[in-house]
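To start, the structure itself, in structure tokens.
The values are calculated or read from the model by the stated rules, or taken from the named source; none is laboratory data. Model, not experiment: these values are computed from the prediction. Cβ: placed from backbone, ideal geometry, glycine included. Neighbour counts: every protein chain shown. For the accessible areas, the whole protein counts, side chains as well, though only heavy atoms, and no ligand, DNA or RNA atoms are used. Shrake-Rupley method; radii C 1.70, N 1.55, O 1.52, S 1.80 Å.
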Amino acid sequence: MFTPLTIAVALAALALAAWCGYAAVKDEPTKDWHFGGMAVVTVLALAQVVVGLVRLGGGEDPDEGTAVFVAYLLAAGFAVPAVGVLSLSERSRWGSATVAVGGFVLAVLQVRLYDIWVGTGG
Amino acid sequence: MAERQPAAGEPRTRLSGGPGRLILTLYGVFAVGATSRAVYQLSTQFDEAPLAYLLSALAAVVYVFITVALARGGETARRLALVCITAELVGVLAIGTWTEVQPSEFPDQTVWSDYGRGYLFLPVILPVIGLWWLRRRPAERDSAEPSPE
């Protein structure tokens, strides 16, 4: 994996989570700017999907197995778009909270992706 | 979504609005996570820890049922979700205790090991929130705002 990209996705996802969490605390729904933020995070996550698949295609082998790695990679790609759709039809603070959860989940997935690629060493 | 034929003036019970949207999302995450994990473990390494993996699969089924019920809504789904969430709570408490008392039975982790410590204790917190949500009155749920008991 390309570690700087993994870190970038994780940090962007956490920033999105904090931003939307703040909106939820202020009792606000997700707005256009939030969806812009989700788009940025999604582009980063999709770039990672491409990088991951290319490196797999180049014959590299994730420590914990290809199937697990691909499953996590795809989940990371879908996480933020999925919560974005959920928040579109829930125009309240709870829609914002949902996106915050999605961002947090994506950050956790990045940590797991890194572990799966290099191995946890026991 | 269009309202179905209201039976005796009762609106269709909506379970995924307001806080329900957040609860649905969390259950969705657990449903996807537990299902893929169970499929992988049962298909590739079943012999290593059969008990743990079968329990993981059971947990996955429960999470999927709850997620679908919450998303669909309606009184039947609400009852089904109540049953499943109660089973989830019993399961996480029982398996949590079991893994504390007899760790040797579990060479590998389940979602519910140690009361879900590996998952921020969400497996034990989530059913409590879920039960609270499903037991509120329909009017409270629809207004989607916390109201005094």
Open item on the list: Just want to confirm a number: the relative contact order over chain A, from Cα pairs under 8 angstrom separated by 6+ residues, in percent.
Closed with: 44
Open item on the list: Could you tell me the relative contact order of the range B:19-138? Use alpha-carbon pairs under 8 Å, at least six residues apart, and round to a whole percent.
Closed with: 26
- [ ] Give the Kirkwood hydrodynamic radius (Å, one decimal) of the range B:19-84, defined as one over the mean of 1/r across all pairs of different Cα atoms.
- [x] 12.4
- [ ] Could you let me know the centre-to-centre spacing of the range B:58-91 and the range A:50-85, using Cα atoms, in angstrom?
- [x] 29
Task: Net charge over other residues, Cβ less than 13 angstrom from the Cβ of B:I125 (K, R count +1; D, E count -1) - done: 0
- [ ] Show B:L70, B:L82 ordered by accessible area, largest first, where the area counts protein heavy atoms only and the probe is 1.4 Å.
- [x] B:L82, B:L70
Open item on the list: Residue by residue through B:88-101, how many Cβ atoms from other chains fall within 10 Å of the Cβ on average?
Closed with: 0
Task: Per residue convex hull volume, Cα atoms of the protein assembly as shown, in Å³ - done: 141
Task: Inverse of mean 1/r across different Cα pairs in the range A:3-118, Kirkwood, Å - done: 14.2
Open item on the list: Rounded to two decimals, what is the ratio between the C-alpha radius of gyration of the range B:49-144 and 2.2 N^0.38 Å?
Closed with: 1.18
